[in-house]
Every structure is written in C-alpha cells, then in structure tokens.
Amino acid sequence: TSAGIFILNVDDNDFTLSEAAISGTAGEVGMMARVGKYVFAAKQSTGILVIDPTTDAVVETIDEGNVGGITVSRDGSVWATARESIVRINPTTLESEKLTLPNSMVSPWFTWMADKMCADPDENALYYAYGTGSWPNSETSIGKLVINSDGSLTEDSNFAFTMPAANDEARHQLLYGTIGIDPISGYLVATTTQSGYGTNYSYNWLHYIDRHTGEIAKTTIAIDDIEALVGETYTYAVTEFVTDTDNLPALAVVGAQSSDSEIFTIDNDGLTLTLSPVGEGTATLDITVNSNGRVAEKSVTVNASKPSGVSDKQLASVSIYPTQVGSTLNVAGIAEGTVTIFNIAGSQVASHNLADGPAIDLGNLPRGAYIVKVLSGDKSQTAKIIKL
C-alpha cells in the first residue's frame, strides 16, 4: 500500500482491518515475506522492515534507500534489490551484507512496482532483470546468479536471455511486470510488451524460458518435403506436425498458403491442413504457426507428379478397413495389386503385394494418420486411416 502495513484480523471470520498502520511502517510498502520468526517488508526510500508477527511491531530496519523488492532463495536467505546492488539478509541473525550486481537493474520506481527478481525453486540461484534505461519496465535482459556456499554470487555464464524483437522492427520488447517460475511447467516466465506508449501496449508476449540456458521454449514445424500424386489428397493434423514445449499444439494458430494453386491447393480448417495436388510440378507450402505469441515459419517443397501408366480410374469394388487400425489392415475385393502406405508428409512407409494375402501388418508403424493407395493395373483407390 501507499500508507504502510495494516493488520487484518481473520479470526472467527471477523476480517476487520486495523484503523492505523503498524508503527514505523507508514508510507509506500511493497513485497513482504515471512521467513522463520520474522516478516520482512520492503519500504520505499527506507529499506527492509523486520516485523515480529507475535507483537506486530517493527523490531529492526535494515537501511537501504534504493530498495526495490525482496525475494527468498532456496537456502532461506532474504534478498533485497537496490539498483546496482543486492542486499543479503540472514533471516535468523538479521545480519546483512550489500553485494554488487554484475549488471545494473533499472530504477524500480518505488517498492510497489512488481519485483524484477525471483528465486529458483530447485537450486540456490536467483534470476534478475536488468537494462540500460532509467524508466521502469524497460529491462531488456535477464541474468542468473548462483549463490555460493559462502553467500557470494556468481553469474551463471550458461544462462543468457535477451528480449526478442518486437512486432515493429523500429521498436523492441521490454519487460512489463515481473518474472517468476511457473510451478507447473518449471519454466521461468516473463511478460513483455512493445516499447513506446499508447497502441504499442497492445502488443504483448508471454515467454517461457529454460532456466538452464535462457532459451525461449521453441515452436517447431515438423513437415518435410512432400512427394505427392496428382488426384490424391493429403491430410496433416496440427497436433502431429506442431511441437511446442509449453503449449498444446491444438491451441496454436496455423496459417498455410500454396505458392502455386495450379500445382496444389491447400485447405486449412484450423486443426488440419488438406493438400490437394491438381497439376504436375513443384511449388511450396508456406506454413506459419503462432503458439503463445511465439511464431515459427517453414516453407515445404511439394513435388506433384502423376505416375506413368496410372489413370484416375477407381477400383470401385475395393474395401479398405478398418479406418482405425490397431495392427492389421485389410484390403478386400481384389486379388492382385499393390498396396502402398504414405505418412502425412507424403513419404512411403510401407508396401504390400496383395498376392501375399489381404492382411497387412502395420504394427510397427507409429501412431498417426496415413494414406493407403491400392493400385491394380490402370486403376487405383485411396483411403485415409488412423494408426492407433
């Protein structure tokens, strides 16, 4: 608050608030943390207040006029940020020591601003945001500090995070808010916006960062070059070709475009891409995936061809079943011919001669969608199956 620390009575669901702030706390107060016997609170232009919760009284003040916020590391130490410095506090003895940060933090602009530092829950380490500007929320980098056994700090050279480019090439991303650890995914999380004012704030990003390397969790597009047959259709499920370590593939927004509609057309219903070759030649399938604001792009070469001697005549009597295959696929209604299995990228993964029988063992294929093509003389039949 801007008026100090108050006492909220929660006994018997009373929920009454003290009329006055605790003596010695009046003024702007930011983050607080209970560690051991004491409550530690950051007070603007003053320092860290140490409060005894049994008496609701300030028992000591650790002077630091540049205090910005506090966090607690895995070993129980209390840390207070102070621009170019950081103060380590022993929560039992209340002894403190000021250490110099490897990089200067941006002016915190009062203790009620969101803290720019957090602790690693699994190792004795701290993460802190820093930058070269003087305006709050203008941090452009995040560093990692390893806490040594003697309480000193060493910057982790294996960790490096710099804000990515913004939507406008003339601007950049900057931290807006705090940094923290997501307890579910384990990633370091940073919220950013586009530098500037007004409409620039409409551009926002949520970054999930690897705590060991500083790399943003990647979004990848796993479709290789496609060999396609004219007259066939190929279906690609978003859940099968999009990989994102911090987001469900089905939640990604996918765009797809054909570079030449005379070679192939593409239909996008949001969850699947359906590619239909309509003419022989080579073109590209341009795919864009936006997952949690992280954009990945890929151009896939599509080679469309029509095998010689093969017409568009259909094998009307052929039955391909079941459409959801456990291990065995059956082709009935034909005694001679070949069966070819293609994955969603158009690559051949299996073949079978019907002279060996109607049953085809697909037990060794990974789960996913496949295209089955039955060819006999100048006639063919295709079907889509799902391998369970």
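The values are calculated or read from the model by the stated rules, or taken from the named source; none is laboratory data. Quick caveat: nothing in here was measured; it's all calculated off a predicted structure. No Cβ is skipped: glycine too gets one built from the backbone with ideal geometry, and neighbour counts run over all protein chains shown. Accessible surface is based on the protein model in full, side chains and every heavy atom, while ligands, DNA and RNA are left aside. Shrake-Rupley method; radii C 1.70, N 1.55, O 1.52, S 1.80 Å.
Pairs linking a residue in the range 362-377 that is under 16 Å from Ser347 (Cα atoms) to a residue that is among the acidic types (Asp, Glu) and open to solvent by 30 Å² or more (accessible area, probe 1.4 Å), with Cβ atoms under 6 Å and 6 or more positions apart or on different chains, are Gly368/Glu240.
Per the listing Asp225, Asp244, Asp260, Asp286, the residue uniquely closer than 30 Å to Leu175 by Cα, in contact with a strand residue (DSSP E or B) (Cβ under 7 Å, 6 or more places away or on another chain) and of a type in the set (Asp, Glu) is Asp244.
State all residues of the range 137-175 that are in a strand (DSSP E or B) and closer than 11 Å to Thr193 by Cα; if no residue qualifies, say none.
First, pick out the residues of the range 137-175 that are in a strand (DSSP E or B): 141-147, 153-155, 161-162, 165, 172-175.
Once the filter is applied, which keeps residues that are in a strand (DSSP E or B) and closer than 11 Å to Thr193 by Cα, the range 137-175 yields Ala165, His172, Gln173, Leu174, Leu175.
Residues that are open to solvent by 60 Å² or more (accessible area, probe 1.4 Å), under 23 Å from Ala125 (Cβ atoms) and in contact with an Asp or Glu (Cβ under 9 Å, 6 or more places away or on another chain) occur at least once in the range 160-173.
Taking strands (runs of 3 or more DSSP E) that fall entirely within the range 219-328, which contain at least 2 residues that are charged (D, E, K, R)?
Values: elements: 219-221, 226-229, 234-237, 242-244, 253-258, 264-268, 272-277, 281-291, 294-305, 319-321.
Per the criteria, 294-305.
For every residue, the table says whether it meets (1) modelled with pLDDT of 95 or more; (2) closer than 17 Å to Val29 by Cβ; (3) in contact with a Pro (Cβ under 6 Å, 6 or more places away or on another chain); (4) surrounded by fewer than 20 Cβ atoms within 10 Å (Cβ to Cβ).
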site: Thr61; (1), (2), (3), (4): yes, yes, no, yes
site: Asn66; (1), (2), (3), (4): no, yes, no, yes
site: Trp79; (1), (2), (3), (4): yes, no, no, no
site: Glu84; (1), (2), (3), (4): no, no, no, yes
site: Thr100; (1), (2), (3), (4): yes, no, no, yes
site: Met105; (1), (2), (3), (4): no, no, no, no
site: Trp109; (1), (2), (3), (4): no, yes, yes, yes
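Among the strands (runs of 3 or more DSSP E) confined to the range 19-95, the ones with at least 2 residues that are within 32 Å of the chain's Cα centre (by Cα) are located at 29-35, 70-72, 78-82, 85-89. Taking the criterion of being open to solvent by 60 Å² or more (accessible area, probe 1.4 Å), of a type in the set (Val, Ile, Thr) and within 26 Å of Lys116 (Cα to Cα), the only residue of the range 1-53 that qualifies is Thr1.
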